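Report on the structure given below.
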Amino acid sequence: MSYRTLDARVWATNCLTDGELFYAFDADNYLEDEDKAYDAMKRANSGEPLPAERFPREMYITSQYEEIKQVPDVFKGGGFWVISGRFAEVLRRFELGQTGLYPVKLFHHDRKTPFEGDYFVLAFGEAKDTFVPEESPEADTVFMRKDVWQAKRANNKNSLAFDKSVLNGVDLWMEKKIMYSFFMSDRLEEALKAEKLTQKLRPYRCRVVSNLH
């Protein structure tokens with residue numbers, strides 16, 4: 001099958017595996033029911049929509065010996081992805097579909113002293129199925145799987161290709177055949193970049209292709 005590259009692009013980020021963005025918080029829903037919390041984490045990481053009550057309402061710094069004065073605009077805490085109010089404000093200007101932005105309060109270890117500012121759990125609820133593996137030689141299949149891929153290099157610019165149907169629908173999504181990454185439309189990436197919110201995401205361009213037959 002032959003493809004041509006279109007004058008269009010989408011963006012990917014591998015921040016989901018960036019250890020620098022992992023912060024040790026205890027989520028209230030995890031403290032209440034570990035199995036149910038793990039289930040919510042797993043489902044959200046695959047882009048399955050879930051209601052607000054499946055996500056934490058409060059998070060607390062885990063260790064009494066760890067002093068965290070501030071957190072970045074996007075990070076993973078208590079197994080869930082959290083964004084700042086500033087980040088959420090940008091996302092709300094775009095089509096999110098069933099992806100949720102659920103308010104969450106962050107506290108220090110004493111569970112009384114709050115972090116300043118507004119924060120939201122970023123509950124991924126959209127997944128597309130547009131990845132074209134034969135046009136993406138820089139992608140690896142995931143261990144023990146032949147139908148799921150992952151980006152394999154730090155510099156993945158233009159290494160992943162997606163069918164032109166990727167341009168339709170929501171501006172933020174997971175891909176059903178790719179693990180450990182999420183994706184953004186060009187217009188969303190530009191808006192986040194304009195607000196200086198892409199540094200931690202380290203987004204890279206992806207190709208958009210069309211089947212010639």
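The values are calculated or read from the model by the stated rules, or taken from the named source; none is laboratory data. Bear in mind that the values here come from a model prediction, so they are computed numbers and not experimental data. Backbone-built Cβ (ideal geometry, glycine too); neighbour counts: all protein chains shown.
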Pair list, Cβ < 7 Å and 6+ apart or interchain, from region 79-98 residues that are without any contact (Cβ under 8 Å) to a residue 12 or more places away in the chain to residues that are of a type in the set (D, E) and assigned to a loop (DSSP other than H, G, I, E, B): none
Just for region 164-178: of the residues that are in contact with a strand residue (DSSP E or B) (Cβ under 7 Å, 6 or more places away or on another chain) and buried (at least 18 other Cβ atoms within 10 Å of the Cβ), which one is nearest to Y3 (Cα to Cα)? V166
Condition check: of a type in the set (D, E), closer than 18 Å to M59 by Cβ and out of contact with any strand residue (DSSP E or B) (no Cβ under 8 Å at 6 or more places or on another chain). Does E116 satisfy that? yes
Region 1-15, residues that are of a type in the set (A, V, I, L, M) and part of a loop (DSSP other than H, G, I, E, B): M1
Of all the helices (runs of 4 or more DSSP H) wholly in region 24-108, which have at least 3 residues that are of a type in the set (G, A, S)? 34-45
Quick check on my filter: what residues within region 40-74 are at pLDDT 90 or above, over 18 Å from K105 (Cα atoms) and acidic (D, E)? E48
List the number of the failed condition for K193; all other conditions in (1) in contact with a Ser or Thr (Cβ under 9 Å, 6 or more places away or on another chain); (2) surrounded by fewer than 16 Cβ atoms within 10 Å (Cβ to Cβ) hold. (1)
Suppose the filter is under 21 Å from F22 (Cα atoms) and either assigned by TED's automatic domain parsing to the domain that holds G79 or buried (at least 21 other Cβ atoms within 10 Å of the Cβ) (or both); does A161 pass it? no
